[in-house]
Amino acid sequence: MFVDIISDSKDVVFFGGAGVSTESNIPDFRSEKGLFSVREVYGYLPEELLSYTFFMEEPDLFFRYYKENLVFLDARPNVAHVALAKLEKSGFLSAVVTQNVDGLHQLAGSVNVLELHGSNHRQYCVSCGMKYSLDYIFSSKNCEGFVPKCRVCGGVVRPDVVLYEESLDDSVVQLAISVIAGADCLIVGGTSLVVYPAAGFLKYFKGEKLVVINKSETVYDNQATVVFHESIGKVLSGVMEQLGL
């Protein structure tokens, strides 16, 4: 049935969350285990550590946590990322809207990717705007303690990600709303749809075919055309096989 839905749709959009990347061994810091371990090691919850206030007031601990828990330099796209890239290349998928900041969709080959929370592959100086790569902030010669500094003006180089207390980029938000509103089929994967503001994007979907793929139940299960409570990689790889891709 899922394959028929994709084949019969004119505009398919994928909306994904942390569960897409956990299969690339990137942990979900919002999980109970993740929250407990962070509190034990750093003395704060992730929501505190990743807030704009904490970034400004405790930059050394902010960057220690960020580098040790939000960046996985060896992470590679899993079968779900690859499947979505192939679906786009084959004309079955028009866009990916993601809450993740790991850049694995692009690494797998996806082109039209809307990153609601930014990307840890982009860094910039808060003082002069100079842009840097992810590798830059991991070189000790560019840092004071854990804090990366701009080689041009000496300002702090921060990740281009949306921190707690910050607003989403309005241009990205408008594009995401536009592609979701224009889709006749929306595939939601790897998200429990409880974290706002991202979860609120589903209210803009006006199409008739909603597919939910998540290991646990979501608030949209009873509204979905099809629901899968299993691995997103397994589900999408099965679709690829049936489509002959």
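To the nearest 500 deg cm²/dmol, what mean residue ellipticity at 222 nm is calculated for the chain from DSSP H runs of n ≥ 4 alone, each contributing -39,500 (n - 2.57), summed and divided by the residues?
About -9500 deg cm²/dmol.
Need the full-extension length gain, Ala75 to Lys89, defined as separation in residues times 0.36 nm minus the C-alpha distance. One decimal, nm.
2.8 nm
For the range 75-150, give the percent of accessible area contributed by carbon and sulfur heavy atoms, probe 1.4 Å, rounded to a whole number.
That fraction is 54 percent.
Using just the Cα positions, wrap the range 40-162 in a convex hull and report its mean projected area in square nanometres, one decimal place.
Over every viewing direction, the Cα hull of the range 40-162 projects on average to 8.5 nm².
Can you tell which of Leu45, Val226, Ser9 lies farthest toward the positive end of the dipole of the chain, using +1 and -1 charges on the Cβ of basic and acidic side chains (Lys, Arg; Asp, Glu)?
Ser9
Could you give me the ³J(HN,Hα) list for the range 215-223, computed from phi with Karplus coefficients 6.51, -1.76, 1.60 and θ = phi - 60°, whole Hz, x at Gly and Pro?
Values per residue, Gly and Pro as x: 5, 10, 5, 10, 6, 9, 4, 6, 9 Hz.
Restricting to DSSP loop positions (anything but H, G, I, E, B) with no more than 16 other Cβ atoms inside 10 Å of their own Cβ, which GluC sites (Glu not before Pro) remain in the range 201-245?
Glu208, Glu217, Glu230
Residue by residue, what Karplus-based ³J(HN,Hα) values in Hz, rounded to whole numbers, does the range 95-106 have, using 6.51, -1.76 and 1.60 with θ = phi - 60° and x for Gly and Pro?
7, 10, 10, 10, 8, 7, 10, 8, x, 6, 4, 5
Using only Cα atoms, tell me the angle between helix 32-42 and the longest principal axis of the chain; keep it within 0 to 90° and round to the nearest 10.
10 degrees
Need one number: nm distance between label points at Glu47 and Lys10, each 7 Å from Cα along Cα→Cβ, rounded to one decimal.
Spacing of the two 7 Å Cα→Cβ label points: 4.2 nm.
Using the Karplus curve 6.51 cos²θ - 1.76 cosθ + 1.60 with θ = phi - 60°, what ³J(HN,Hα) values do you get for each residue of the range 119-130, in whole Hz, with x for Gly and Pro?
Each residue's phi maps through the Karplus curve to give 8, 6, 7, 10, 10, 8, 6, 6, 8, 10, x, 4 Hz.
How much solvent-accessible surface does Ile26 expose, in Å² to the nearest 10, with a 1.4 Å probe and all protein chains in place?
Answer for Ile26: close to 20 Å² accessible.
How large is the dipole of the range 1-103 about the Cα centre if only Lys and Arg carry +1 and Asp and Glu carry -1, each at its Cβ, rounded to the nearest 20 debye?
With only Lys, Arg, Asp and Glu charged at Cβ, the dipole is about 320 debye.
May I ask for the percentage of alpha-carbon pairs in the chain that lie more than 30 Å from each other?
Percent of Cα pairs beyond 30 Å in the chain: 28.
Relative to the first principal axis of the alpha-carbon coordinates of the chain, what is the inclination of helix 170-182, with its axis defined by its Cα atoms, in degrees from 0 to 90 and to the nearest 10?
10 degrees
How long is the gain from Gln242 to Glu58 if the chain were fully straight, where each residue apart is worth 0.36 nm and the alpha carbon distance is subtracted?
Going from the current span to full extension adds 61.1 nm.
Using 7 Å Cα-to-Cβ label points, what is the Asn112/Lys131 separation (nm, one decimal)?
It is 2.2 nm.
Give me the percent of DSSP beta bridges within the chain that run antiparallel, rounded to the nearest 5.
The answer is about 30 percent antiparallel.
If I fit a long axis through the Cα atoms of helix 79-89 and take the longest principal axis of the Cα atoms of the chain, what angle between them do I get, 0 to 90°, rounded to 10?
70 degrees
If you stretched the chain out fully between Asn25 and His229, how much longer would it get, using 0.36 nm times the residue separation minus the C-alpha to C-alpha distance?
71.5 nm
Leaving out ligands and nucleic acids, and using a 1.4 Å probe, what accessible area per residue does the range 38-176 come to in Å²?
49 Å²
Cα gyration tensor of the range 100-242, axes a ≥ b ≥ c as square roots of the eigenvalues: rounded (a/c below 1.5), prolate (a/b > b/c) or oblate?
It comes out prolate by the Cα gyration axes.
If Met240, Met1 are ordered by their accessible area, calculated over protein heavy atoms with a 1.4 Å probe, which sequence runs from highest to lowest?
Met1, Met240
For Tyr164 and Met1, what does the FRET efficiency come to when R0 = 25 Å and r is the distance between their Cβ atoms, rounded to the nearest 0.05?
0.05
Can you list which of the trypsin sites (Lys or Arg not before Pro) found in the range 1-81 are DSSP loop residues with at most 13 other C-beta atoms within 10 Å?
Lys10
Name the lysines eligible as straight-distance cross-link partners of Lys10: C-alpha to C-alpha under 30 Å, and not fewer than 8 places from it in the same chain.
Leaving aside lysines fewer than 8 places away in the same chain, those within reach of Lys10 are Lys86, Lys89, Lys203, Lys206, Lys209, Lys215, Lys234.
The values are calculated or read from the model by the stated rules, or taken from the named source; none is laboratory data. Computed from a prediction, not measured in an experiment: that's the story for all the values here. Backbone-built Cβ (ideal geometry, glycine too); neighbour counts: all protein chains shown. The area values use the complete protein model at the heavy-atom level, side chains included, leaving out ligands, DNA and RNA. Shrake-Rupley method; radii C 1.70, N 1.55, O 1.52, S 1.80 Å.
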